[in-house]
Amino acid sequence: MFSESKFIMIVGAGPTGLTLARELQRRGVPFRIVERSAEPFTGSRGKGLQPRTQEVLDDLGLIDAFRAAGGEYPELLLHLPDGSKMRRRMDPLHEATAQVPYPNMLMLPQWRTCALLAEGVPVELGVGVTGLKQVEGGVRVTLDSGEITTARYVVGADGGQSTVRKLLGVPFEGETHETERLTIADVRIEGLSRENWHIWPDGQSFKLGLCPLPGTEDFQLTAPPSDLSIDELVSDVGMKVTRIGWTSEYRANMRMVSRYRVGDVFLAGDAAHVHSPAGGQGLNTGIQDAYNLGWKLATGNDRLLDTYEEERLPVAAEVLGISTRLHRAAVDREPGAMNREDPVLRQLSLTYRGGPLAAECRPAPGSVRAGDRAPDAPCGDVTVFDLLRGPHPTLLAFAWPGDLPHAHHIDDPAALAAYDITAPTLVLVRPDNYLGCVTHDPADIERYERSISPI
Ligand SMILES: Cc1cc2nc3c(=O)[nH]c(=O)nc-3n(C[C@H](O)[C@H](O)[C@H](O)COP(=O)(O)OP(=O)(O)OC[C@H]3O[C@@H](n4cnc5c(N)ncnc54)[C@H](O)[C@@H]3O)c2cc1C
């Protein structure tokens, strides 16, 4: 469907751009991914992968590599001013279930997430986009090397300062709070236990946090703004820094676009929405954007491509609201501001119900409906996730009496319970593993399959 001159141009090789590259690569869609920076990213930045992101990595065949490289969130160890210590969890550890195989956050530094996603992806480092022009049947892209090339589609996954967004003239609406800052750095500390995330509280706030980063010797340091240097901040709590790596000053910035698509150009990840790091949503939401957009881009189906904005814009608005609420709780020093028990943060309950691709055709649907995430469940020797893994849509036939070509027949009572199904039912699972069409009538499935097909 795409000739060599009709490739997709991905701008930016952060987690969003790299996930999209993986999605296109596994579908055999020609693409280029250009990254302005000459070197891969080195900071720990977004270090938490939410359960839903781990399911995306499972679908991409990458979960084992990520789990081997990462670790679970350690317990907080609060070093109190009177010298005593207190332990607590931001979010209690959850047991894996048949429906939710990855129930907890997985921690690994963002640079390693990017490195794992980039394996085998031909990233063009040191190549920045400087100009865009929509032309008949595509987008003319100017690179800082002087090269001008024409792509079928362009995706701006180029971060909060997005050049693509600015070239499109799409406003980035929201707020920046100049005074609400956080120092973040990757440091090595002499003799500090790596069993816990160490916090030195200061009233309802904190003066220093040191979180051990799995698979490294580093800690991620976080501290509210102060006149002290990083060495001084650490020696102030009786510790010694032996190495300082990546450092950054976070400024509270909560903004999003009102359009995700302008002609043949799309925005994704931080280019479309930036939030407070509170609640660990930014990187995860970017990966989900790419996961939603990838299979749609591969079809070249224009109506389907419109659904990217229709589905993802409301999600960004909700995530922005949640992370801003958590951020305000921290700034206002509310008791329990570090609590992360809200299940919405795990992004498993995110649903596209009622949206343009949710065809719920049953007169009396159960609690799991078109638009919802496909839960995992046992079925014979395998699981539903085993059937879903890969770039294809999947037809599941629950308690279906007759034979149905291309369908996976599922009769396991545990699977019927997981999908809340009590009568013979067909479920067409989208390539990004949300329930697309749920029905008792095969004709609905045929219609739905046509609507999401390549043109
Ligand atoms: C301090 C801090 C802590 C955070 N903690 C968390 C957390 O715990 N959990 C979480 O989910 N998120 C967290 N985030 C957010 C997370 O880091 C971002 O949401 C994530 O990096 C977004 O990924 P992205 O790929 O969209 O953009 P980026 O990672 O910003 O990548 C964009 C890439 O595009 C490149 N680029 C820019 N312009 C051009 C151009 N013109 N041409 C070519 N390339 C270009 C850039 O060099 C960059 O590599 C945190 C962020 C910060 C700042």
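The values are calculated or read from the model by the stated rules, or taken from the named source; none is laboratory data. The model shown is predicted, which means the values in this text are computed figures rather than measured ones. Cβ placement follows ideal geometry from the backbone for every residue including glycine, while neighbour counts extend to all protein chains displayed. Ligands, DNA and RNA are excluded from the accessible area calculation, which covers all protein heavy atoms including side chains. Shrake-Rupley method; radii C 1.70, N 1.55, O 1.52, S 1.80 Å.
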Among residues of region 145-181 being free of Cβ contacts under 8 Å to residues at least 24 places away in the same chain and not polar (S, T, N, Q), the residue nearest to the ligand (Cβ to nearest atom) is LYS166
Scanning region 249-271 residue by residue, those under 15 Å from LEU297 (Cβ atoms) and open to solvent by less than 20 Å² (accessible area, probe 1.4 Å) turn out to be TYR260, VAL265, PHE266, LEU267, ALA268, GLY269
Looking across region 433-450 at residues that are assigned to a helix (DSSP H, G or I) and open to solvent by less than 60 Å² (accessible area, probe 1.4 Å), the single one that is nearest to GLY354 (Cα to Cα) is TYR448
**Message:** Can you find a residue that is of a type in the set (D, E, K, R), within 16 Å of the ligand (Cβ to nearest atom) and assigned by TED's automatic domain parsing to the domain that holds GLU124 anywhere in region 57-69?
**Reply:** no
Of the residues in region 74-108, those that are within 23 Å of LEU345 (Cα to Cα), part of a strand (DSSP E or B) and open to solvent by 70 Å² or more (accessible area, probe 1.4 Å) come to ARG87, ARG88
Selection over region 136-157 where residues are modelled with pLDDT of 95 or more and under 22 Å from GLY294 (Cα atoms) yields a count of 13
Evaluate the following for ARG22: is it in the same structural domain as LEU143 (by TED's automatic domain parsing), under 21 Å from the mean Cα position of the chain (by Cα), open to solvent by 30 Å² or more (accessible area, probe 1.4 Å) and within 23 Å of GLY280 (Cα to Cα)? yes
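So that you can scan it fast, the table gives a plain yes or no per residue for (1) open to solvent by 10 Å² or more (accessible area, probe 1.4 Å); (2) within 14 Å of the chain's Cα centre (by Cα); (3) at pLDDT below 95:
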{"residue": "PHE2", "(1), (2), (3)": "yes, no, yes"}
{"residue": "PHE7", "(1), (2), (3)": "yes, no, no"}
{"residue": "PHE31", "(1), (2), (3)": "yes, no, no"}
{"residue": "ALA38", "(1), (2), (3)": "yes, no, no"}
{"residue": "THR53", "(1), (2), (3)": "no, yes, no"}
{"residue": "ASP64", "(1), (2), (3)": "yes, no, no"}
{"residue": "GLY71", "(1), (2), (3)": "yes, no, no"}
Just one listed residue, out of LEU313, LEU283, is near the ligand (Cβ under 8 Å from one of its atoms) and assigned to a helix (DSSP H, G or I), and it is LEU283
Scanning region 106-117 residue by residue, those within 13 Å of the ligand (Cβ to nearest atom) and free of Cβ contacts under 8 Å to residues at least 60 places away in the same chain turn out to be LEU106
Checked pairs for region 118-144, first in a strand (DSSP E or B), second at pLDDT below 95 and not aliphatic (A, V, I, L, M), C-beta under 9 Å and 6 or more apart or across chains, list as GLY138/SER5; GLY138/LYS6
ALA115 vs (1) buried (at least 20 other Cβ atoms within 10 Å of the Cβ); (2) modelled with pLDDT of 95 or more: all pass except (1)
Residues of region 131-152 being open to solvent by less than 50 Å² (accessible area, probe 1.4 Å) and of a type in the set (A, V, I, L, M), in sequence order, are LEU132, VAL135, VAL139, VAL141, LEU143, ALA151
Over region 18-62, the set of residues of a type in the set (Asp, Glu) and part of a helix (DSSP H, G or I) is GLU23, GLU55, ASP58, ASP59
Margin query: Any residue at all in region 153-172 that's of a type in the set (Phe, Trp, Tyr), closer than 21 Å to LEU24 by Cβ and either in contact with a strand residue (DSSP E or B) (Cβ under 6 Å, 6 or more places away or on another chain) or surrounded by fewer than 15 Cβ atoms within 10 Å (Cβ to Cβ) (or both)?
Written below: yes
